[in-house]
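The structure under discussion appears below in the form of structure tokens.
The values are calculated or read from the model by the stated rules, or taken from the named source; none is laboratory data. Since this is a predicted model, take the numbers as computed values, not measurements. Glycine gets a Cβ as well: all are built from the backbone with ideal geometry, and neighbour counts include every protein chain shown. Just so you know, the surface numbers come from the protein's heavy atoms only, side chains and all, with ligands and any DNA or RNA stripped out. Shrake-Rupley method; radii C 1.70, N 1.55, O 1.52, S 1.80 Å.
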Protein chains: 2
Amino acid sequence: MQLLDDKYFMQIALKEAEKALEIGEVPVGVVIVCNQQIVAKAHNLTQTLNDVTAHAEMQAITSAANSLGSKYLKDCTMYVTLEPCQMCAGASYWAQIGRIVFAADDEKRGYRALGTMIHPKTIVTTGVFTDKASDILLEFFQQKRLK
Amino acid sequence: MQLLDDKYFMQIALKEAEKALEIGEVPVGVVIVCNQQIVAKAHNLTQTLNDVTAHAEMQAITSAANSLGSKYLKDCTMYVTLEPCQMCAGASYWAQIGRIVFAADDEKRGYRALGTMIHPKTIVTTGVFTDKASDILLEFFQQKRLK
């Protein structure tokens, strides 16, 4: 059996981001994986749900906990197309998530620039499909400017 | 007409915290107020819902947006019995909440100690019923230790 790698799962997260783009949401997608199984998928729905807390990561953390029957996600990896914000990094802290892999950097509102504390046991990997994720975000903001 | 003050609304938030205590949740309560009207009330439900994102503030922000039909809560005050964490302060940033009033300090995991950025227009008031809120939290942790 071939192990599925970060690129495989990030591509699915990118598909989630594209779903958000299609409905006029800031295009961010997330997949949460546990033992090579996808336990949650989500895309940003803040406009649709009229709710600032409806970031893709927040929905996926709730959904993964529901799927696994545990609110702690120590053995899970969260693949997210954009660097998490303070709120989402804060949620990942409480979930004690095992690993976060993200694609595009968010130099302004990303958790690193803002110094948000992630859980000491969370491993972070960056740079997986960064350009592709950035392109989707750029497409969204360009579309928005033209409207 | 007499204007209702911070103590009035914090007492209602404390009642929410007591509801959490009764069901074995970390006792934190929230009330969100807009133009002297309560638009959302919530208490922590992380154990009950098996969801780390179910902090009282998160639920109340979602509920207030739903109640007002606006995801921005610029004219609202959030009364919370414990200093918000990174996640909840991060959510209040996105909601651009007008004011946060909190009772007990959280020196370890509160947003101030962790340097979380709140919205530049959010006004923060502390010290309203600090002892009462701390007593409820202390009661919870003492009960837990005895079990």
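With respect to the conditions (1) over 30 Å from A:Gly110 (Cβ atoms); (2) part of a loop (DSSP other than H, G, I, E, B), B:Gln142 falls short on a single one, namely (2). Could you tell me whether B:Gly115 is modelled with pLDDT under 95 and within 13 Å of chain A (Cβ to nearest Cβ)? Yes, satisfied. List the residue pairs whose Cβ atoms are under 7 Å apart, where the first residue sits in region A:88-104 and is open to solvent by 10 Å² or more (accessible area, probe 1.4 Å), the second is part of a helix (DSSP H, G or I) and among the hydrophobic types (A, V, I, L, M, F, W, C), and the two are 6 or more positions apart or on different chains. Within 7 Å, the pairs are A:Trp94/B:Met87. Screening B:Ala17 against (1) out of contact with any Cys (no Cβ under 7 Å at 6 or more places or on another chain); (2) surrounded by 24 or more Cβ atoms within 10 Å (Cβ to Cβ); (3) not in a helix (DSSP H, G or I) leaves a single unmet condition, (3).
Is it the case that some residue within region B:130-147 is facing chain A (nearest Cβ under 9 Å) and either in contact (Cβ under 8 Å) with a residue 40 or more places away in the chain or of a type outside the set (Phe, Trp, Tyr) (or both)? Working first, answer last.
Of the residues in region B:130-147, the ones facing chain A (nearest Cβ under 9 Å) are none.
No, because not a single residue in region B:130-147 is facing chain A (nearest Cβ under 9 Å) and either in contact (Cβ under 8 Å) with a residue 40 or more places away in the chain or of a type outside the set (Phe, Trp, Tyr) (or both).
Every test in (1) modelled with pLDDT of 95 or more; (2) at negative phi; (3) not aromatic (Phe, Trp, Tyr) is passed by B:Asn50 save one, and that test is (2). Residues in region A:81-110 that are assigned to a strand (DSSP E or B) and of a type in the set (D, E, K, R): A:Arg99 alone. Put simply, of A:Met78, A:Met58, A:Met87 the only residue that is in contact with a Phe, Trp or Tyr (Cβ under 7 Å, 6 or more places away or on another chain) and within 14 Å of another protein chain (Cβ to nearest Cβ) is A:Met87.
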